[in-house]
Amino acid sequence: MRRGELYRVRRPGSDDNVGDPKSFRVFVVVSRQVLLDSRFSTAVCAPVFSSGEGLSTQVAVGPEEGLKHESWIMCDNLVSLRKSDLTQFVGSLSRTKIAQLNQSLRAALALD
């Protein structure tokens with residue numbers, strides 16, 4: 001598992017699907033690589049939605065990243081997911097997209 005990879009996750013939020021109206025959602029891994037390589041059982045991820053508003057906390061992604069259609073990474077909506085749930089690989093972000101992701105995370109967390 002690498003930072004910037006996208007995974008399709010079944011029923012994010014809870015086993016009874018209360019946390020999300022979709023039965024599947026794509027997430028991008030945003031945790032630092034040291035954490036991902038450790039025995040720690042979870043990873044911080046940002047959800048991908050099919051609509052966005054072009055905010056500074058959102059990153060446009062699409063077929064180039066393995067998705068079926070244009071979508072948005074929502075950096076204001078970070079979640080911790082079990083690594084064991086991140087099994088359905090979708091694709092990866094390019095270096096340029098990772099740089100945009102880093103900038104959006106800085107904006108979402110007020111780190112600038």
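Okay, here's what the table says:
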| read-out | value |
| --- | --- |
| Condition check for residue 41: among the polar types (S, T, N, Q) and surrounded by 16 or more Cβ atoms within 10 Å (Cβ to Cβ) | no |
| Selected residue (only one of 59, 34 is free of Cβ contacts under 8 Å to residues at least 12 places away in the same chain and among the β-branched types (Val, Ile, Thr)) | 34 |
| Top-ranked residue of region 62-108 - restricted to ones that are over 20 Å from residue 9 (Cα atoms) and free of Cβ contacts under 8 Å to residues at least 12 places away in the same chain, ranked as surrounded by the most Cβ atoms within 10 Å (Cβ to Cβ) | 102 |
| Checklist (1) under 16 Å from residue 101 (Cα atoms); (2) part of a loop (DSSP other than H, G, I, E, B); (3) modelled with pLDDT of 95 or more applied to residue 1, failing item | (1) |
| Pick from region 48-81, criterion assigned to a loop (DSSP other than H, G, I, E, B) and of a type in the set (S, T, N, Q), ranking: nearest to residue 23 (Cα to Cα) | 50 |
| Residue in region 20-31 that is part of a loop (DSSP other than H, G, I, E, B), exposed (fewer than 12 other Cβ atoms within 10 Å of the Cβ) and free of Cβ contacts under 8 Å to residues at least 12 places away in the same chain present | yes |
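The values are calculated or read from the model by the stated rules, or taken from the named source; none is laboratory data. Just so it is clear, the structure is predicted and the values come from calculations on it, not from any experiment. Don't worry about glycine lacking a Cβ; one is built from the backbone with ideal geometry, like all the others, and counts go over all protein chains shown.
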